[in-house]
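Enquirer: Below are the structure tokens for one structure; questions will follow.
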Amino acid sequence: MIINDDAITYLKAHDQKFAQIIELYGLPSSWSRPQGFETLCKIILEQQVSLESGKAAYEKLAARIKVFDASHIARLTADEMRAASISRQKAGYILGLANGILDNTVDLEALPTLTVEEATEVLVSIKGIGPWTAEVYLLFALQAPDIYPRGDIALINTIKELWSVKDSSEALEKSIDWSPYRSAASFLLWHHYLSKRGRVNPIESL
């Protein structure tokens, strides 16, 4: 579990901002997602859009197949994917991932046996999966304890707000202070971002 006593104690001791977040909004849920193809497809659909938009695209896609797995996705045509409001680019990524699983060039089941560095290398070698997608999968599906999704706009904006950093590079540098509990720190920062705006985290329903 990412949100645990050791992580919270460490973060509060190392930076008062985390104690303030918890005082204002309480502790977030220790959000998680199942491992595997379906979750990775959901994260691909969330690239560069809101979680709500990604969820809507996923639901349209899921409605077109009986089971959300590689074999059923691989049977869809590009036109069917577009009819589900999936962009041409993301359709290509998802179909490529499905075909990679079917021809055994992609093995998602092996990821939990690898180090974070090794798992990241495997994921980013798949077309359409960059550092953000890989890091979000490692955080939510594999529950890796020391992940900061460097390209996440909500995290970057929250770090800018709380620590007055200038850009994403400085935000990434700041996150090093929270190691080895950067995953818990990320959850707290998302919790702050959403709670301040009166939003329920849609991750919980994905």
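Enquirer: Run residue 7 past the list (1) buried (at least 20 other Cβ atoms within 10 Å of the Cβ); (2) at pLDDT 95 or above; (3) within 16 Å of the chain's Cα centre (by Cα); (4) not basic (Lys, Arg) and report the number of the one that doesn't hold.
Expert: (3)
Enquirer: If you don't mind, another one. For the structure I just gave you, tell me whether residue 144 is among the aliphatic types (A, V, I, L, M) and assigned to a helix (DSSP H, G or I).
Expert: Answer is no for this residue.
Enquirer: Here is a further query. Output the qualifying pairs, or none if there are none: Cβ atoms under 7 angstrom, residues six or more apart or on different chains, first residue in the stretch 81-92 and assigned by TED's automatic domain parsing to the domain that holds residue 41 and closer than 15 Å to residue 59 by Cα, second residue part of a helix (DSSP H, G or I) and polar (S, T, N, Q).
Expert: none
Enquirer: Follow-up question, since we're still on this one. Determine if the stretch 157-173 includes at least one residue that is among the small types (Gly, Ala, Ser), buried (at least 21 other Cβ atoms within 10 Å of the Cβ), closer than 21 Å to residue 8 by Cα and modelled with pLDDT of 95 or more.
Expert: So far as the stretch 157-173 goes, yes, one or more of its residues are among the small types (Gly, Ala, Ser), buried (at least 21 other Cβ atoms within 10 Å of the Cβ), closer than 21 Å to residue 8 by Cα and modelled with pLDDT of 95 or more.
Enquirer: In the list 169, 164, 179, 183, which residue meets the criterion of being free of Cβ contacts under 8 Å to residues at least 60 places away in the same chain, among the hydroxyl-bearing types (Ser, Thr, Tyr) and under 19 Å from residue 4 (Cα atoms)?
Expert: Matching residue, one of 169, 164, 179, 183: 179.
Enquirer: Which of the residues that make up the stretch 11-32 are surrounded by fewer than 16 Cβ atoms within 10 Å (Cβ to Cβ) and within 23 Å of residue 136 (Cβ to Cβ)?
Expert: The answer is 25, 27, 29, 30.
Enquirer: In the stretch 1-21, what count of residues is obtained for those that are β-branched (Val, Ile, Thr) and part of a helix (DSSP H, G or I)?
Expert: Looking only at that region, the number is 3.
Enquirer: Looking at the stretch 1-45, which of the residues that are touching a residue at least 40 places away in the same chain (Cβ under 8 Å) and of a type in the set (Ser, Thr, Tyr) is farthest from residue 182 (Cα to Cα)?
Expert: Residue satisfying both the conditions and the ranking: 39.
Enquirer: Still on this structure, I have one more. Looking only at residues that are among the hydrophobic types (A, V, I, L, M, F, W, C) and touching a Phe, Trp or Tyr at 6+ places or on another chain (Cβ under 7 Å) in the stretch 62-96, which one is surrounded by the fewest Cβ atoms within 10 Å (Cβ to Cβ)?
Expert: Step by step, filter the stretch 62-96, then rank; the result is 62.
Table: residues versus (1) of a type in the set (Val, Ile, Thr); (2) modelled with pLDDT of 95 or more; (3) in contact with a helix residue (DSSP H, G or I) (Cβ under 7 Å, 6 or more places away or on another chain).
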site	(1), (2), (3)
3	yes, no, yes
11	no, yes, yes
17	no, yes, yes
21	yes, yes, yes
32	no, no, yes
50	no, no, no
56	no, no, no
94	yes, yes, yes
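The values are calculated or read from the model by the stated rules, or taken from the named source; none is laboratory data. Remember, predicted model here, so these are calculated numbers, not experimental data. Methodologically, a virtual Cβ is constructed for each residue, glycine included, from the backbone with ideal geometry; neighbour enumeration extends over all protein chains shown.
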